[in-house]
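Report on one structure; see the data block that follows.
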Amino acid sequence: MEEKKFNVLIVGKGSVASALSRKFCENPIINDVFITDPSSSKHVDIREDDLTGLLKFVIENDINLTVPISDLALKADIVTFFQTNGQLIFGPSKESCEITLNKILSKKFLYKIHAQTPKFGIYNKVAQITDYLSKSNFPVIIRTAENTYIQDELQVCPTMKSALNFIDNLFIKGETDVLIEDFVFGNNFTAYFITDGYSAIPLTTVHNYKFKKDDFSGLFKEGVGCYCPDYKISNTIMERVTKIAHDILNALDLKGFPYMGILGIECVETGDDRFFVTDLKHSLCRHDARAVLNLFDDDLLQIILSCINGYFSDEYENIKMNDLSSASLVLFAKAQNKEIKTGDGIDDIDFIDVKKSEDKYFTSGEDILTVTKTASTLTRAKKYLCENINEIYFDGIEYRKDICDKIER
């Protein structure tokens, strides 16, 4: 009997969608993978929050599984909408993933479940903010509810003056609530889990580079590069983070909002098996998606179907990961509409924000692409990453050069 072929729709774009598509395509029972990304060869030209349009596409094109990674789609509650219409979809509902989409709700939630998180305050008046800052230890991180990483803005504020200037700018732009938290120095890492809403199984840990410049200055971003697994993370820390993952799931389940999908718990390790939880993620991040998936040795499709069909906790005690190491780097652009040229044989690129025209790619946003290499050791992965970076060219290219051992350009 011929094995059933699967068609998959990924609702989202950029390097995460690209990395997921590549991983799905490794499975021989996957027929086609469609993506709502203009740079994809299987581009679906439908808005990520047009749920009716996406449902119509799924039905008309015999899509067997939908995987939403887009904030817009999740905020529109694509998961509940598709489930109600009898479609297989892997991801968290709007209610369950609010703690990953709204950073103020996230901070309150972490505090409620007693997860150790940096000291914070939430205010909407300048006088309150000034009073809070006068008693704070600098530097501090300033966030808004939904825009954790604000493009072209300083977010880690080293002084009272820089913090107040930044906050004034936020209020001018129409923000109302401001989250201020202590900046914690240490090893930034993310622990990723797959969950059906009740059981959470760890995938790997990722060491995150967050400052855009080599000297730990410039913009503080979601990530500008990474390596994984993070060899600095002890078993003790991982056990504690896993407990936090279960605490998160239990709290959401008690509220009637079980969380299914990928759950990322972002932390800062400060030494002696101590750490703070700083953020929650509803999917892999653009700087680490391929790095993580390159270590994945299990059947991603079957794991997803197991979660959807309620068999996950019975069928899986762990996820098979290989013994390799990955290193990844984000490339930025100073200028727009510049052609991106790569050397022959470079297939470890995932585009973040580019324009495609006649099989050529051009810079579009600030964050352009990620390059990922995986090898038997981290040293080798960084070496190969360095070699690939030297074969990528576009005007105004920028990246952190200290992530690799040596970059000659």
#### Entry: 5 Å binning of all Cα-Cα separations within region 11-55, expressed as whole percents from 0 upward
5, 23, 30, 22, 15, 5, 0
## Note on the structure
If exposed means GluC sites (Glu not before Pro) lying in a DSSP loop and surrounded by at most 11 other beta carbons within 10 Å, then the longest stretch of the chain lacking such sites spans residues 4-316
### Query
What residues have an amide H closer than 5 Å to that of Leu203, excluding those fewer than 5 places away on the same chain, when H is modeled at 1.01 Å from N in the peptide plane?
Tyr192, Phe193, Ile194
### Task
Collect residues whose amide H, placed 1.01 Å from N in the peptide plane, falls under 5 Å from the amide H of Val156; neighbours closer than 5 in sequence don't count.
Phe220
### Summary
The alpha-carbon pair-distance distribution computed for region 314-371, with 5 angstrom bins and whole-percent values, is 4, 15, 22, 18, 11, 6, 8, 7, 5, 2, 0
### Task
Between Ser234, Ser325, Ser93, find the one with the highest GNM mean-square fluctuation for the chain; connect C-alpha pairs within less than 10 Å.
Ser234
#### Entry: Gain on full stretching of the segment that runs from Asp253 to Glu317 - 0.36 nm per residue minus C-alpha separation
21.0 nm
### Task
Over region 15-94, calculate the relative contact order: mean separation of alpha carbon pairs under 8 Å at least 6 apart, over the residue count, as a percent.
20 percent
## Note on the structure
Per residue, accessible area of region 59-170 with a 1.4 Å probe, heavy atoms of protein chains only, in Å², comes to 46 Å²
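What percentage of all Cα-Cα pairs in region 169-245 are separated by more than 17 Å? Could you put the intermediate results ahead of the total?
Working: 1771 of 2926 pairs.
Taking all Cα-Cα pairs of region 169-245, the fraction more than 17 Å apart is 61 percent.
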### Query
With charges only on Cβ, +1 for K and R and -1 for D and E, what is the dipole size of region 1-86 about its Cα centre, in debye, rounded to 20?
140 debye
### Sequence-distant residues sharing a close amide H with Leu9 (under 5 Å, placed H)
Phe34, Leu65, Thr66, Val67
### Per-residue ³J(HN,Hα) for region 398-403, Karplus 6.51 cos²θ - 1.76 cosθ + 1.60, θ = phi - 60°, Hz, x for Gly and Pro
9, 5, 7, 8, 8, 6
### Query
In a GNM of the chain with a 10 Å cut-off on Cα contacts, which of Ser136, Ser96, Ser106 has the highest mean-square fluctuation?
Ser136
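If I stretch the segment between Lys173 and Ser357 completely, what's the gain in nm (0.36 nm per residue apart, minus their alpha carbon distance), one decimal?
Numbers: separation 184, 0.36 × 184 = 66.24 nm, distance 3.40 nm.
This chain segment gains 62.8 nm when fully extended.
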### Task
Could you run the Karplus curve 6.51 cos²θ - 1.76 cosθ + 1.60 with θ = phi - 60° over region 126-132 and give me ³J(HN,Hα) per residue in whole Hz, x for Gly and Pro?
4, 4, 5, 5, 4, 5, 4
### Message
Need one number: nm distance between label points at Thr130 and Asn337, each 7 Å from Cα along Cα→Cβ, rounded to one decimal.
### Response
4.5 nm
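Okay, helix-only estimate at 222 nm for the chain: each DSSP H run of n ≥ 4 adds -39500 (n - 2.57), divide by all residues, round to 500 deg cm²/dmol; what do you get? Walk me through the numbers before you get to the answer.
Numbers: 13 runs with 124 residues, N = 409.
Result for the chain: -8500 deg cm²/dmol, rounded to the nearest 500.
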### Query
How far, in nm, would the chain grow between Asp273 and Lys75 when pulled straight, counting 0.36 nm per residue and subtracting the alpha carbon separation?
67.7 nm
### Message
Cut-off 10 angstrom, C-alpha nodes, Gaussian network model of the chain. Which of Ile167, Ile244, Ile29 fluctuates the most?
### Response
Ile29
### Query
How much of Asp347 can a 1.4 Å solvent probe reach, expressed as accessible area in Å² and rounded to 10?
90 Å²
### Query
Expressed in whole Å with the largest first, what are the equivalent ellipsoid semi-axes of region 252-360 derived from the C-alpha gyration tensor as the square root of 5 times each eigenvalue?
33, 20, 17
### Query
Can you give me the pair-distance distribution of region 129-261, C-alpha pairs, 5 Å bins, whole percents?
2, 9, 15, 15, 16, 16, 14, 11, 3, 0
### Task
Calculate one ³J(HN,Hα) per residue across region 265-270 by plugging θ = phi - 60° into the Karplus curve 6.51 cos²θ - 1.76 cosθ + 1.60, and present them in order as whole Hz with x for glycine and proline.
10, 8, 9, 10, 8, 10
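If R0 is 51 Å, what FRET efficiency do you get for Asn31 and Asp215 from their C-beta distance, rounded to 0.05?
Values: r = 48 Å, r/R0 = 0.95.
Efficiency for this residue pair is about 0.60.
Round to a whole number: what % of the accessible area of region 317-359 belongs to carbon and sulfur, probe 1.4 Å? Intermediate values should be presented prior to the final figure.
Values: 880 of 2520 Å².
Here it works out to 35 percent.
Give the Rg/Rh ratio for region 21-163, taking Rg as the radius of gyration of the Cα atoms and Rh as the Kirkwood radius, to two decimals. Please report the intermediate quantities before stating the final value.
Working: Rg = 20.4 Å, Rh = 18.4 Å.
Here Rg/Rh amounts to 1.11.
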## Note on the structure
Options (1) 156; (2) 217; (3) 145 are given for volume of the Cα convex hull per residue in Å³, and the computed one is (1)
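The values are calculated or read from the model by the stated rules, or taken from the named source; none is laboratory data. Everything quoted here is computed from the prediction, not taken from an experiment. Here the Cβ is made from the backbone with ideal geometry for all residues, glycine too, and neighbour counts use every protein chain on show. These accessible areas exclude ligands, DNA and RNA; they are computed on the full protein's heavy atoms, side chains included. Shrake-Rupley method; radii C 1.70, N 1.55, O 1.52, S 1.80 Å.
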